[in-house]
Amino acid sequence: MLEGSRHAGAAQQGVTVGAITELVVRCGHGDEEALGRLLDLFYSPVRAAISQQLPTRPVDGLVMEAFVHLWRRAPSYRPGEQGPVEWVMDQVASLAPLAPQASVPSVASAAEPAG
């Protein structure tokens with residue numbers, strides 16, 4: 001995966017690994033402001049990673065899906081087991097290969113009532 005750009009967003013903004021760890025942990029506790037800050041820091045590297053994996057697809061919607069996925073997975077983040085930047089990018093990598101199927105509605109989901 002884009003090793004050079006993994007840290008680009010955070011490094012360019014002078015954010016420490018400790019601060020990123022805190023943001024991920026706060027997301028895990030439901031802190032929407034922390035998610036917004038992670039979005040600010042990681043939008044470009046996440047977009048680049050998804051673009052690299054799916055070069056023929058429009059990616060902006062997939063970037064938002066990646067951050068929703070990250071929000072849902074944040075409670076499982078364990079500081080000390082994996083660095084926060086790697087964890088964020090691993091969450092993206094775990095989602096992006098599924099993106100081609102995810103954008104095609106299944107028969108079951110098409111039949112579900114909206115709401």
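Return only the number of the condition from (1) at pLDDT below 95; (2) surrounded by fewer than 12 Cβ atoms within 10 Å (Cβ to Cβ) that His69 does not satisfy.
Unmet for His69, out of (1) at pLDDT below 95; (2) surrounded by fewer than 12 Cβ atoms within 10 Å (Cβ to Cβ): (2).
Search segment 52-78 for residues that are touching a residue at least 24 places away in the same chain (Cβ under 8 Å) and pair each with any residue that is in a helix (DSSP H, G or I) and polar (S, T, N, Q) when their beta-carbon atoms are under 8 Å apart and the residues are at least 6 apart or on different chains.
Listed pairs, sorted by first residue: Ala66/Gln91; His69/Gln91; His69/Ser94; Leu70/Gln91.
Out of the residues in segment 1-21 that are modelled with pLDDT of 85 or more and surrounded by fewer than 17 Cβ atoms within 10 Å (Cβ to Cβ), which is farthest from Pro75 (Cα to Cα)?
Thr16
Give the residues of segment 40-59 that are of a type in the set (A, V, I, L, M) and either surrounded by fewer than 17 Cβ atoms within 10 Å (Cβ to Cβ) or in contact with a His (Cβ under 7 Å, 6 or more places away or on another chain) (or both), sorted by residue number.
Leu54
The values are calculated or read from the model by the stated rules, or taken from the named source; none is laboratory data. Here the structure is a predicted model, which is why all the values come from computation and not from measurement. So basically every Cβ, Gly included, is an ideal-geometry build from the backbone, and we count neighbours across all protein chains shown.
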